[in-house]
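K.L.:
This is the structure I want to talk about, given as structure tokens.
Since every read-out is calculated from the coordinates, none of them should be taken as a lab result. Since the model is a prediction, treat every value here as computed from it, not as a measurement. Neighbour counts are summed over all protein chains in view; Cβ atoms, including those assigned to glycine, are modelled from backbone coordinates with ideal geometry.
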Amino acid sequence: MQTIKGIILKSLPYSEQQQIMHVYSAERGYMQFITPMTLYKRKNNHAVQCMQIVELEYYPNERGGLHKLKSVSSLVNTSSIYFDVYKMNIALLWGELLDLVLRHSDPNENMYEYIRYSVEYLNTSREDIANFNLLFLFRLSKLMGFGIDDSTYHPDYVFNINDGCFYPAGAPENYCTGPRSARIIHQLCSCPMESLKDIPLNQQSRKILLDIALLFLGFHLNVDFNTKSIRVIREIFS
């Protein structure tokens, strides 16, 4: 039996008695577990939630594939996320997205710590969670190896999704945003956390920026984020 720390990305039914859990772990990267659904009714075990930070005991499958989960326990009290509808939908979006982009990924300490910190920030923050959702998505790209080059930004420049750089408006480049979106993207990528709540965005602006973030990540990772689950979550944000 082995013990790891991980972040639950997704949990889904497998049969009447079992479910599959997708986890990004500090020690082994992306992993999948199979467990009896009745496990969480036992003492010292808890119902799992999306983006929950946990410790897991399991029996490894040396052939690869599904590992058998023995126990799971929460390491951080993130109940604020699950009692707030908006925070919960952000967590669901992160879980769906990370489950797609981190599948088959090896351990990455910086990635794990970025996700862990972000979950804890989402849990405790009250004022800037809508903006923080966008910050999380745009800054995630750097950890995936194709970060946005905010040093190329100047006022009235546009953002190019192809290379993550900023260019003068009117440049003959495809996949460019408008100057206002580019300015906000630059702010999200460079501002200190205490200034995040001061970025003025309405619901429509956040929807546009969410679409840009998903397009940018999907373009570079060759991942289709137009899944049913993500479409439903995006509708909620709109």
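K.L.:
Add -39500 (n - 2.57) for each DSSP H run of 4 or more in the chain, then divide by its residues: what number comes out at 222 nm, to the nearest 500 deg cm²/dmol?
P.N.:
-12500 deg cm²/dmol
K.L.:
Quickly rank 56-62, 5-11 as a protection proxy: mean count of other C-beta atoms within 10 Å, highest first.
P.N.:
For the peptides 56-62, 5-11, the packing ranking is 5-11, 56-62.
K.L.:
With the crude spin-label approximation of a point 7 Å out along Cα→Cβ, what separation in nm comes out for Leu221 versus Arg103?
P.N.:
1.1
K.L.:
Excluding residues fewer than 8 places away in the same chain, name every one of the aspartates and glutamates whose C-alpha is closer than 14 Å to that of Lys5.
P.N.:
Glu27, Glu55, Glu57, Glu109, Glu113
K.L.:
Continuing with this model, one more query. Name the residue from Tyr24, Thr152, Met111 whose Cα lies farthest towards the positive end of the charge dipole of the range 14-152, charges +1 on Cβ of Lys and Arg and -1 on Cβ of Asp and Glu.
P.N.:
Tyr24
K.L.:
Run through the range 95-204 and list the GluC sites (Glu not before Pro) located in a DSSP loop whose Cβ has at most 12 other Cβ atoms within 10 Å.
P.N.:
The qualifying sites are Glu127.
K.L.:
What's the magnitude of the charge dipole for the range 1-123 around its Cα centre, counting Lys and Arg as +1 and Asp and Glu as -1 at the beta-carbon? Answer in Debye, nearest 20.
P.N.:
Using Cβ point charges on Lys, Arg, Asp and Glu, the range 1-123 gives about 400 debye.
K.L.:
Place a +1 charge on the Cβ of each Lys and Arg in the chain and a -1 charge on the Cβ of each Asp and Glu, then give the dipole magnitude about the Cα centre in debye, rounded to the nearest 20.
P.N.:
Charge dipole, the chain, about its Cα centre: 800 debye, nearest 20.
K.L.:
Cross-link partners among aspartates and glutamates for Lys10, C-alpha distance below 13 Å, same-chain residues fewer than 8 apart left out?
P.N.:
Straight-distance partners of Lys10: Glu96, Asp99.
K.L.:
Specify which residue in the list Asn222, Asn174, Gly64 is farthest towards the positive end of the charge dipole of the chain, using unit charges on the beta carbon of Lys, Arg (+1) and Asp, Glu (-1), about the Cα centre.
P.N.:
Gly64
K.L.:
Now for a different question. Taking the Cα atoms only, what angle lies between the long axis of helix 129-143 and the longest principal axis of the chain, rounded to 10 degrees?
P.N.:
Once rounded, one gets 90 degrees.
K.L.:
Now, a different point. So if I place +1 on the C-beta of Lys and Arg and -1 on the C-beta of Asp and Glu, and nothing else carries charge, what would the dipole magnitude of the range 49-95 be about its Cα centre? I want it in debye, nearest 20.
P.N.:
Rounded to the nearest 20 debye, it is 120 debye.
K.L.:
On to the next question. Using 12 Å as the cut-off for backbone N distance, which residues of the range 50-65 belong to the label zone defined by a point 7 Å from the Cα of Thr3 along Cα→Cβ?
P.N.:
From the range 50-65, the list is 55-58.
K.L.:
Compute the long axis of helix 109-124 from its Cα atoms, compare it with the longest principal axis of the Cα atoms of the chain, and write down the angle in degrees, 0 to 90, nearest 10.
P.N.:
90
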